[in-house]
Amino acid sequence: MSLVLLLYITVEHWMIDRRQQHNSTFGKAIIPLIWRFLRGEATEETAIKAMQEDPTEALSLLIHLAHELESSSRPRLQPLFTGLIFIDEEIDALKSNQLKRRLLATERLGFLNNEASTAALLDALEDKIPAIRLCAARSLAIQGKTEAIKPILQALDLPNELDNRREAEAISDYGPSAVPTLLTMLESPIGKYSANAIIVAARVLGMLRTSEAVQPLIRLLKNPQESVRLCAARALGEIGDPAAISPVAALANDPAWRVRKKAMKAIGKLHADRQIPMLSNALSDSSWWVRFSAAQALHSLGQVGITELQKVMKNTSDEHAREICCEVLEEHMILDTKKN
């Protein structure tokens, strides 16, 4: 029995090595050919004929290259994708019981920018598996279908932080073309969209550093939902508009410590020197995370903030404030606080 198992493992390793060697050799031939096609030095027919020697590996290489290209350049690869992907086969695969096959079909359909593939991807947004819905969202973004943004946010209405981050990354693939739709959502009456949808919209606008979103985001700082206020503060910090400084600083009194913590971080990103008194007061906050974020924000302001940390460390009667100042100063190796 052990001899049979050893033989099986040996053959399996041999097959894997052989496949890897084939893929390496195939890639060395195909990738330069694709680039020649993009430069107009090779015909569509020549490229497709060579790629059809191993369509699966060719598609993998083509998709990898497409992700490396600027979005404006991807349509030039459309003829090659059309020559390798059988659209009816991929649409049928969306109903497969095999998760891996459904994921593969969802990814491939994103590179066939036509009505049939778009309709299939919109249907895939209703798949029971969140990973399929997320993949469909990314494929729709590759196609640039901005009309799918709201359906995507409805399909990916998931509550946890990791899901929100993935949703935001999917929508951010649209780039600036997503901004008008996202702004409309932020400016809509409370309750029209779920809190999660608003959070993702705000997050993407922050990622894209959208200056037009500053005022809508400032209004969200007063939203009754803690998670919405938190995300709005984070987005305003990423955008970096000075107009957000005072409204974000007002969150220092927010009842939720997570919001107060995010406000401290945002003030640091906004380089708000005039908020040093607020940051200094926050060093005595009841939450360690708020105190730590305030101290880090002071450090990020440069020497003026560092001086404030040193001053508080030496003069405060608040043990928690003194400890957090020491911790941050030591972390950044400003001085050996153990001697003080």
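Summary table
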quantity	calculated
Formal net charge of residues neighbouring Glu57 (Cβ-Cβ distance under 14 Å; K, R +1; D, E -1)	+2
P(r) weight above 17 Å for the range 58-119, C-alpha pairs, percent	37
Among Leu205, Ser317, Ala250 the positive-end extreme of the charge dipole of the range 193-318 (Cβ point charges)	Leu205
Within the accessible area of the chain (1.4 Å probe), percent carbon and sulfur	54
The range 158-281 - accessible surface per residue (Å², probe 1.4 Å)	44
Residue-wise HN-Hα coupling along the range 311-321, computed from phi with Karplus coefficients 6.51, -1.76, 1.60 (Hz; x: Gly, Pro)	5, 5, 4, 7, 10, 6, 9, 7, 4, 5, 5
Highest-MSF residue in the chain out of Ala294, Ala116, Ala170 [GNM, Cα springs under 10 Å]	Ala116
Residue-normalised accessible area of the range 42-114, expressed per residue, 1.4 Å probe, Å²	56
Over 24 Å between alpha carbons, listed pairs Lys49/Lys100; Lys192/Lys265; Lys128/Lys150; Lys49/Lys145; Lys145/Lys222; Lys145/Lys265	Lys49/Lys100; Lys192/Lys265; Lys49/Lys145; Lys145/Lys222; Lys145/Lys265
Contact order normalised by residue count of the chain, Cα under 8 Å, 6+ apart, percent	7
Max mean-square fluctuation residue, GNM over the chain, Cα-Cα springs under 10 Å, options Lys222, Lys311, Lys261	Lys311
Highest-MSF residue in the chain out of Thr181, Thr307, Thr118 [GNM, Cα springs under 10 Å]	Thr307
Selection from Leu298, Val179, Leu33 lying farthest towards where the dipole of the chain points positive, charges on Cβ	Leu298
Expected 222 nm ellipticity per residue - DSSP helices of 4 or more, -39500 (n - 2.57), all of the chain, to 500	-21000 deg cm²/dmol
For the range 115-143 versus the range 304-333, the gap between their alpha-carbon centres in whole angstrom	51
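The values are calculated or read from the model by the stated rules, or taken from the named source; none is laboratory data. It should be emphasised that the depicted structure is a prediction, and the values quoted were computed from it without experimental measurement. Because the Cβ atoms are built from the backbone with ideal geometry, glycine has one as well, and the counts that use them run over all protein chains shown. SASA here: full protein model, heavy atoms, side chains in, ligands and nucleic acids out. Shrake-Rupley method; radii C 1.70, N 1.55, O 1.52, S 1.80 Å.
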